[in-house]
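**Q** Let me give you the structure first, and then I'll get to my questions.
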Amino acid sequence: MDGWSYDEVLPTFKQMENTPTGEDAHHGRTGPLSVRQRSDGELTPSLLGFVEASVAHGFKRVHDFNGAEQNGADAYPVDVVDGVRQSTALAYLTAAVRARPNLTIRGDVNVDRVLFDRGRAVGVIAADGTIFRAGEVILSGGAYGSPAILLRSGVGPATDLRSLGIEVVADLPVGQRLHDQPFFYNAYALAPEYLHMTPAVGALLWTASSEAIGDELDLHITATHLLDGSYSPTGGAIVLAISVVQPESRGTLRLASRDPNEAPLIDNNYLGTDRDARRMLEGVKLSRAIGRNEVFAHRSRQGR
């Protein structure tokens, strides 16, 4: 797509980022969004064990997934500073920005639909009927929220809209190409001498399946402590989460009704193609092979 190649978007990402690590060619130093590379010393013993087991299995150490090379295993960067995740609000909506007279921030507003005047967006209307007029409307409601708002606004498949009594503004395939990354989780109990679970995230294997096309890296295996330790017989747990990160399966999002308070009907259609299913199975087998590697296995006692 024009304007979205790696070389074209890299300057913008560098402008956004501030990080003390990595090569200057790939990283920004003075942007508002703080990014910090996890070091080996920051990883829990089992997270580091996962990285070392991946290397023992034949994968490279990458050192910087946002750098020149991604195929391999290592700790990964996070937008966490002093234990606090740096959201867009924290990074951009500073006290000085919030004090601007031309900015009003409203929370807990459920947007019903976009208002159109002769095909041009001129504002939005909230679920409680409040109208917000605007010279420009930027819709950023996420993979589920944005299409739901558009559909209620009359932008979507005409037949579906008319069946709900919604006036059609534009007959477009909104909600018809939903795609997301399927995950499968292997959970392991940590050995009693390796019960550290903080930080909860920070280790990754990113690689290509045997059915990858070209130079795509279509498999992720992330190691995290996001499973509550109470589920583990030892009081500590680690999860290896496998994902097909470039799925070809496509799902749908449709409206259940015109009511903005009613959730849309979502069908992700995970593993909807044979190739996606085969790649997921390949990733599961790989993750379990790494889980059995002695470098990792002695830090966990059982898995499922």
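**Q** How much of the DSSP bridge set in the chain is antiparallel, in percent, rounded to the nearest 5?
**A** The antiparallel fraction comes to roughly 90 percent.
**Q** Once label points are set 7 Å from the Cα along Cα→Cβ at both Leu172 and Arg278, what is their separation, rounded to one decimal in nm?
**A** The modelled label-to-label distance comes out at 3.6 nm.
**Q** Moving on. How far is the Cα center of segment 68-125 from the Cα center of segment 131-189, in Å?
**A** Comparing the Cα centres of segment 68-125 and segment 131-189, I get a distance of 18 Å.
**Q** Taking amide H positions as placed 1.01 Å from N in the peptide plane, with prolines and chain starts having none, which residues 5 or more places from Lys60, or on another chain, fall under 5 Å of its amide H?
**A** Ala73
**Q** Something else about it: Could you work out the local net charge near Glu211, counting Lys and Arg as +1, Asp and Glu as -1, over the other residues with Cβ closer than 12 Å to its Cβ?
**A** That sum, taken over residues with Cβ under 12 Å, equals -3.
**Q** Once phi is turned into θ = phi - 60°, what whole-Hz ³J(HN,Hα) does the Karplus curve with 6.51, -1.76 and 1.60 give for every residue of segment 51-65, x standing for Gly and Pro?
**A** For segment 51-65, the Karplus curve yields 4, 5, 5, 5, 5, 4, 7, x, 8, 7, 7, 9, 6, 7, 5 Hz.
**Q** Right, another one. Positive end of the dipole of segment 90-171, charges at C-beta (+1 Lys, Arg; -1 Asp, Glu), about the Cα centre: which of Val97, Phe132, Gly156 has its Cα farthest in that direction?
**A** Result: Val97.
**Q** Would you please put 88-99, 22-33, 271-282, 124-135 in order of how densely packed they are, using the mean number of other Cβ atoms within 10 angstrom per residue and starting with the highest?
**A** So the peptides 88-99, 22-33, 271-282, 124-135, ranked by packing, come out 271-282, 22-33, 124-135, 88-99.
**Q** Further question: Helix-only mean residue ellipticity at 222 nm, the chain, DSSP H runs n ≥ 4 weighted -39,500 (n - 2.57), per residue, nearest 500. What is it?
**A** Details: 8 runs with 72 residues, N = 304.
Only helices count here, giving -6500 deg cm²/dmol.
**Q** With both bridge residues required to lie in segment 90-171, what share of the DSSP beta bridges run antiparallel, to the nearest 5%?
**A** The antiparallel fraction comes to roughly 80 percent.
**Q** While we're looking at this one, here's another question. Just the Cα atoms of the chain: what Rg and Dmax do they give in Å?
**A** Rg and Dmax of the chain, Cα atoms, are 22.8, 68 Å.
**Q** Could you derive backbone 3J(HN,Hα) for segment 274-287 from the dihedral phi with the Karplus parameters 6.51, -1.76 and 1.60 (θ = phi - 60°), listing whole Hz in sequence and x where the residue is Gly or Pro?
**A** Result, ordered by residue: 4, 5, 4, 5, 5, 5, 4, 4, 4, x, 4, 4, 5, 4 Hz.
**Q** Could you derive backbone 3J(HN,Hα) for segment 139-152 from the dihedral phi with the Karplus parameters 6.51, -1.76 and 1.60 (θ = phi - 60°), listing whole Hz in sequence and x where the residue is Gly or Pro?
**A** My calculation for segment 139-152 gives 8, 9, x, x, 5, 9, x, 4, x, 5, 5, 4, 5, 5 Hz in order.
**Q** Okay, next question. Could you order the peptides 293-299, 73-79, 222-228, 57-63 from most to least packed, using the average number of other C-beta atoms within 10 Å per residue?
**A** 73-79, 222-228, 293-299, 57-63
**Q** Let me know the shape class of segment 100-165, please: from the alpha-carbon gyration tensor, a ≥ b ≥ c as square roots of the eigenvalues, rounded when a/c is under 1.5, otherwise prolate if a/b is greater than b/c, or oblate.
**A** Working: a/c = 2.10, a/b = 1.70, b/c = 1.23.
Because a/c hits 1.5 or more and a/b exceeds b/c, segment 100-165 counts as prolate.
Laboratory data are not the source of any read-out in this text; all were calculated from the coordinates shown. Just so we're clear, the structure is a prediction, and the values are computed from it rather than from any experiment. Glycine also receives a Cβ, built like all others from the backbone with ideal geometry; neighbour counts cover every protein chain displayed.
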